[in-house]
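Below you'll find the structure, written out as structure tokens, and then a few comments.
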Amino acid sequence: MTEALRLNTHVALHRRDGVAIVEIDNPPVNALKQEVRQGLLDALKAARDDGAVDAVVVACAGRTFVAGADITEFGKPPQPPHLRDVIEALDDMPKPVVAAIHGTALGGGLELALACHYRIAAPTARLGLPEVKLGLLPGAGGTQRLPRATGPEKALRMIVTGDPVGADDALQHGLIDSIAAGDLVDEAVAYARKVADEGGPLPRLRDRDDKLAAARADREAFERTAKELTARARGLEAPHACVEAVRMSLDLDFDAALARERELFETLLEGDQSKAQRYLFFAEREAARVPGIGKDVKPRTIDRVAVIGAGTMGSGIAMSFANSGIPVRVIEASDDALEAGMNRISKTYAGSVSRGRLTEDEMRRRLDLVAGATDIASVADADLVIEAVFEELELKKSVFRNLDKYARPGAILATNTSYLDVNEIARATSRPADVLGTHFFSPANVMRLVEIVRGEATAPDVLVSAIATARRLGKVPVVVGVCHGFVGNRMLGARTIEAERLLLEGALPQDVDGALVDFGFPMGSFAMHDLAGLDISWRMRKAQGLTSEIADALCEMGRFGQKTGRGFYIYEKGSRTPVPDPEVARLIEEASARHGIERRSISAEEIVERLLYPMVSEGAQILDEGIAHRPGDIDVIWVYGYGWPVWRGGPMYWADTVGLGRIRDRLEEFAERSGDTRLRPAPLLVRLANEGRSFASLAEEKKSAA
């Protein structure tokens with residue numbers, strides 16, 4: 001490039017063959033911070049006023065095009081110029097402007113590209129408007145320009161899901177004009193030179209209506225798509241607002257729709273749901289940062305993986321690695337067990353193909369990455385070994401003794417335990433520094449959460465390696481300490497105890513579950529137990545000498561949940577829909593009578609308080625013990641692992657919105673009424689409530705101390 005003009009630290013203008021190349025350089029993702037917006041505006045004005053410039057290319061340095069807004073500006077008043085000002089300058093540009101897109105063009109980055117006259121992308125580029133995932137909608141014209149580029153149904157699907165599309169898809173639907181075969185900027189310059197030489201009116205998306213005509217004449221396809229997409233968004237406001245905004249492209253002229261888009265954006269921005277979702281955005285990123293471990297600690301190389309156990313969890317974990325292109329060997333104790341596991345993997349992939357979520361070629365590619373073995377010595381070449389056998393301590397310790405013999409020096413040994421003592425498992429080896437927990441959630445090939453359990457001897461580079469590997473799999477890793485149940489299941493235990501107490505006092509399973517579903521959970525407590533299998537927790541309780549009167553009675557009757565067609569509910573053949581069972585109601589009423597409990601009607605509000613306040617208290621105790629580093633870590637675990645409604649921000653965030661004083665007082669009432677001292681609020685919760693503070697203030701305190 002020649003004749004460089006630096007507008008500011010992040011934006012430069014280069015001239016080549018009468019084309020001005022405006023280059024954004026704001027690593028790591030070229031976010032549209034204030035300096036970038038100002039530099040862009042200044043560069044466009046300079047190119048407009050320069051008689052030697054016939055066309056403009058907007059490009060980015062580094063690994064990506066603009067990947068959205070600057071997250072450090074979230075929640076703060078934006079400083080001028082706004083992105084809308086830059087886009088207006090593009091609209092008014094009398095010279096052709098070509099966007100050269102590589103990496104990702106997301107959010108404001110794609111809105112910037114949509115305001116250009118032409119778009120050329122690298123073959124690997126991905127383009128999307130993910131604002132809905134922050135409880136927002138595109139607020140700089142995305143809901144109006146995208147339908148004009150792709151047609152309203154495709155735009156609706158992209159905006160409501162927030163999922164990006166690849167370059168081929170983008171070209172097919174008219175989102176881009178060309179895919180670069182060689183150097184992206186060279187081809188963009190040549191394209192800009194060509195259209196400048198040809199002359200003629202400049203194509204602005206705001207002026208196009210051709211792809212809206214069919215939907216304006218017949219709304220059926222559009223409304224069907226809208227209904228399908230919003231059916232998955234129960235309780236969320238942003239998807240419905242996105243539909244309304246895109247619908248306006250059919251009903252209003254461009255400027256009127258643009259103004260209404262902005263009004264909807266501002267309403268969402270100030271709303272509670274977006275605040276909660278933006279909080280989680282930051283919390284998820286914070287969760288991967290471990291206090292005391294600096295950037296100088298580098299992960300070990302993980303190229304080959306072994307999974308011990310080919311059951312539901314083991315096969316799901318193996319698929320997670322194959323999905324990410326990492327070779328994995330599944331090891332079982334017998335040929336029959338191995339065959340069953342490999343068949344489970346094949347059937348899962350075949351199901352994805354039949355639903356159109358996977359191609360035949362991709363299925364074969366993934367299956368080729370999964371090998372099977374029945375000899376534990378075959379772990380010898382693995383960089384990471386994950387044990388996923390039954391949740392029995394002595395069995396797991398036996399597996400780790402064998403791994404100690406056969407795994408190569410430096411291999412990381414991980415246990416997929418949900419509850420058990422990782423330190424005791426590590427002590428079964430001669431290398432406890434290489435041992436940690438990786439608690440995947442079922443189904444492991446789908447669920448994004450992984451609790452990374454740090455043992456007392458776990459080496460820092462082992463911990464960093466587990467975090468990096470989880471992220472490589474597309475998972476959300478959260479580091480936790482060792483205790484029974486770690487974070488998620490320990491808090492779930494507090495909810496489970498109170499759920500059974502509610503049954504004895506007067507509620508039925510459908511009452512408890514209905515209150516949780518109305519709160520925003522995808523399913524209630526008892527339906528969840530039926531899905532997981534009542535026999536699993538029954539086996540764990542017996543191993544620990546614990547009981548659960550109603551659940552144990554159901555198991556003794558052979559009612560293990562969905563797998564047997566009966567649990568807390570009835571499941572018709574082939575259905576996963578829970579149906580209330582009068583037999584279960586009678587069993588519960590008889591148990592109440594045996595305990596001399598007079599049953600009463602319990603409101604949904606009380607059910608929610610009784611189930612969730614003890615969880616908050618347990619979370620406070622977990623923080624006090626240092627099992628979790630931050631309140632946000634707990635929230636991330638519950639959103640990604642247990643279906644806590646994203647728009648409520650997680651249990652600790654939600655507790656702040658309720659008020660810690662109220663939760664403290666209600667827990668005292670519950671403890672007094674039941675006589676169960678476990679319901680008394682945790683000391684940390686009491687202290688914060690007494691000081692008029694919140695969990696958010698505690699997080700800030702910890703951050704400042706770090």
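FYI, it's all coordinate maths here, none of it is from the lab. Here the structure is a predicted model, which is why all the values come from computation and not from measurement. Cβ sites come from the backbone with ideal geometry, for glycine too, and all protein chains shown count toward neighbours.
Classify region 418-495 as rounded, prolate or oblate from the Cα gyration tensor: take a ≥ b ≥ c as the square roots of its eigenvalues, call it rounded if a/c is under 1.5, otherwise prolate when a/b beats b/c and oblate if not.
Here region 418-495 falls in the oblate category.
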Exercise. At what distance in angstrom do the alpha carbon centres of region 462-525 and region 1-40 lie from each other?
Worked result: 47 Å
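Two-decimal Rg/Rh of region 305-480 from alpha-carbon positions, Kirkwood Rh? All intermediate terms of the calculation are to be shown ahead of the outcome.
Working: Rg = 15.2 Å, Rh = 16.0 Å.
My calculation puts Rg/Rh at 0.95.
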Exercise. If you average 1/r over every pair of different alpha-carbon atoms in region 239-321 and take one over that average, what Kirkwood value in Å do you get?
Worked result: 17.9 Å
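Could you order peptides 110-122, 93-105 by the average number of other Cβ atoms within 10 Å of their residues, highest first?
Values: 110-122: 25.9, 93-105: 24.1.
Highest to lowest by the protection proxy: 110-122, 93-105.
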For this session: Could you size up the charge dipole of the chain around its Cα centre, putting +1 on the beta carbon of Lys and Arg and -1 on that of Asp and Glu, and report it in debye to the nearest 20?
Result: 820 debye
Problem set entry | Two-decimal Rg/Rh across region 2-269, once Rg and the Kirkwood Rh are taken from alpha-carbon atoms | 0.96
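Looking at region 1-83, what % of its DSSP beta bridges pair antiparallel, to the nearest 5?
Restricted to region 1-83, the bridges split so that about 60 percent are antiparallel.
With N denoting the number of residues in region 359-446, provide Rg(C-alpha) divided by 2.2 N^0.38 Å, to two decimal places.
Values: Rg = 14.3 Å, N = 88, 2.2 N^0.38 = 12.1 Å.
Taking the Cα Rg and dividing by 2.2 N^0.38 Å, one obtains 1.19.
Note down the Stokes-Einstein diffusion coefficient of region 180-280 in µm²/s, whole number, using a Kirkwood radius over alpha carbon pairs, 20 °C, and 1.002 mPa s. Each step should come with its number before you reach the end.
Values: Rh = 17.0 Å.
After rounding, the answer is 126 µm²/s.
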Problem set entry | Over the chain: helical MRE at 222 nm, DSSP H runs n ≥ 4 each giving -39500 (n - 2.57), nearest 500 | -15500 deg cm²/dmol
Exercise. If all Cα-Cα distances of region 507-594 are sorted into 5 Å bins from 0 onward, what percent lands in each bin, rounded to whole numbers?
Worked result: 3, 15, 24, 25, 20, 10, 2, 0
Problem set entry | Acute angle (nearest 10 degrees) that the helix 393-406 long axis makes with the longest principal axis of the chain, alpha-carbon atoms | 60 degrees
Exercise. Computed over the Cα atoms of region 123-234, what is the convex hull's projected area averaged over all directions, in nm²?
Worked result: 8.5 nm²
Seminar exercise, completed: Highest mean packing first, using Cβ neighbours within 10 angstrom, the peptides 123-129, 349-355 sort as 123-129, 349-355
Problem set entry | Overall Cα dimensions of region 604-705, principal axis frame, Å, largest first | 39, 29, 22
For this session: Pick out, from Ser430, Pro123, Val579, the residue whose Cα sits farthest towards the positive end of the charge dipole of the chain, with +1 on the Cβ of Lys and Arg and -1 on the Cβ of Asp and Glu.
Result: Ser430
Problem set entry | Value of Rg to Rh for region 423-579 (Rh from inverse mean 1/r over Cα pairs, i.e. Kirkwood) | 1.03
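Report for the chain the percent antiparallel among DSSP-assigned beta bridges with both residues inside it, nearest 5. Can you show the working numbers first?
Working: 21 of 63 bridges.
Percentage antiparallel, nearest 5: 35.
Suppose a student asked you for the relative contact order of region 106-154, using Cα pairs under 8 Å spaced at least 6 residues apart; what percent would you report?
Values: 35 pairs, mean separation 20.3, N = 49.
RCO, region 106-154: 41 percent.
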Exercise. For the Cα atoms of the chain, what angle does the longest principal axis make with the long axis of helix 312-323, in degrees from 0 to 90, nearest 10?
Worked result: 20 degrees
For this session: Among the lysines, select those whose C-alpha is under 21 Å from the C-alpha of Lys703, and discard any that sit fewer than 8 residues away in the same chain.
Result: Lys76, Lys275, Lys295
Seminar exercise, completed: From the Cα centre of region 177-221 to that of region 323-394, the distance in Å is 45 Å
For this session: Under 27 Å Cα to Cα from Lys563, which lysines show up? Leave out anything in the same chain fewer than 8 places away.
Result: Lys347, Lys396, Lys542, Lys573
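Given an 8 Å cut-off on Cα distances and at least 6 residues of separation, report the relative contact order of the chain as a percent. The partial results should precede the final answer.
Numbers: 1312 pairs, mean separation 59.5, N = 706.
Reported as a whole number, the value is 8 percent.
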Exercise. Mean separation of Cα pairs under 8 Å and 6+ residues apart, divided by the residue count of region 182-333: what relative contact order is that in percent?
Worked result: 13 percent
Seminar exercise, completed: Looking only at lysines whose Cα falls under 16 Å of Lys154's and that sit 8 or more positions away or on another chain, we get Lys211, Lys227
